[in-house]
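*Asks:* Got a structure here, written out as structure tokens. Questions coming.
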Amino acid sequence: MPGVDFEEAPAVRDVAVDLMNKHHPHLVDAKDLIGFYFRYGSSDWAGKAKKCTAFERHMTGKQLFVFVNAEAWQALKHDQRAALVDHELCHFSRKSERHYDDEQQRWADAWAPADDADSWGLREHDVEEFSDVIKRHGLWEQGIEQFAQAVRNASYQADLFEDYPAKSVG
């Protein structure tokens, strides 16, 4: 594809490492197995998460990739950047097994090996819906209701429209 280029994105990695330590325990021991890259060139997305192919694993030593549109990154505020990276990290799933921890005397999860490609998967979004459908039909599906409840319970909301004029869709 002409006009497309990639470069490593240490700024994205820094945000991701902080998020992994706080919210993504399944990724903590795999930090070095995730490649973070800016994508330059025309694009209609801000970020993408990808499980590496066998060839990509061979060439890079990575298991997973996070791509961030460089133009979008520049336009986002710090909190929005963190939300974007958190969103992409949420796409990564990892197999685990329950075992009994004799020392702690409780059941615990043990993550599958980080360097095993079969340990990793990709999660889809919890909700995909149009606001028009919700306006017309309400919270018609369980996943949408759970999403709405999470929005209602959120302790923080980024002020997304602070610098943007209101826009209506006709």
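*Asks:* Which of the chymotrypsin sites (Phe, Trp or Tyr not before Pro) across the range 23-124 are loop residues per DSSP, with 16 or fewer other Cβ within 10 Å?
*Replies:* Working: sites: Phe36, Tyr37, Phe38, Tyr40, Trp45, Phe55, Phe65, Phe67, Trp73, Phe92, Tyr100, Trp107, Trp111, Trp120; in loops: Trp45.
Those satisfying the criteria are Trp45.
*Asks:* Label Glu97 and Ser155 with points 7 Å out from Cα along Cα→Cβ: what is the distance between them in nm?
*Replies:* About 3.6 nm, to one decimal.
*Asks:* List the aspartates and glutamates whose Cα sits under 16 Å from the Cα of Lys22, skipping any in the same chain fewer than 8 residues away.
*Replies:* Hits, sequence-local ones excluded: Asp14, Asp79, Asp86, Glu88.
*Asks:* I want to verify a result. In a Gaussian network model of the chain, Cα cutoff 10 Å, which of these has the top mean-square fluctuation: Glu124, Glu88, Glu71?
*Replies:* Highest fluctuation among the options: Glu124.
*Asks:* How large are Rg and Dmax for the range 11-169 when calculated on the C-alpha trace, in angstrom?
*Replies:* In order Rg, Dmax, the Cα atoms of the range 11-169 give 18.5, 59 Å.
*Asks:* Would you mind pulling out the separation of the Cα centroids of the range 1-21 and the range 83-153, in Å?
*Replies:* First find each Cα centre; the distance between them is then 22 Å.
*Asks:* Oh, and also: For the range 94-141, what mean projected area does the convex hull of the alpha carbons give, in nm²? Please report the intermediate quantities before stating the final value.
*Replies:* On the way: hull surface 23.9 nm².
For the range 94-141, the mean projected area of the Cα convex hull comes to 6.0 nm².
*Asks:* Give the lysines reachable from Lys50 as a straight Cα distance under 17 Å; neighbours fewer than 8 places away on the same chain don't count.
*Replies:* Within the straight-line cut-off, Lys50 pairs with Lys31, Lys62, Lys95.
*Asks:* What is the distance, in nm, between label points placed 7 Å from the Cα along the Cα-to-Cβ direction at Ala54 and at Asp132?
*Replies:* Distance between label points: 4.5 nm.
Where a number appears in this text, it was derived from the coordinates with a stated rule and is not lab data. Just so you know, these numbers come straight off a predicted model, no measurement behind them. FYI the Cβ positions are ideal-geometry reconstructions off the backbone, even for glycines, and counts take in every protein chain you see.
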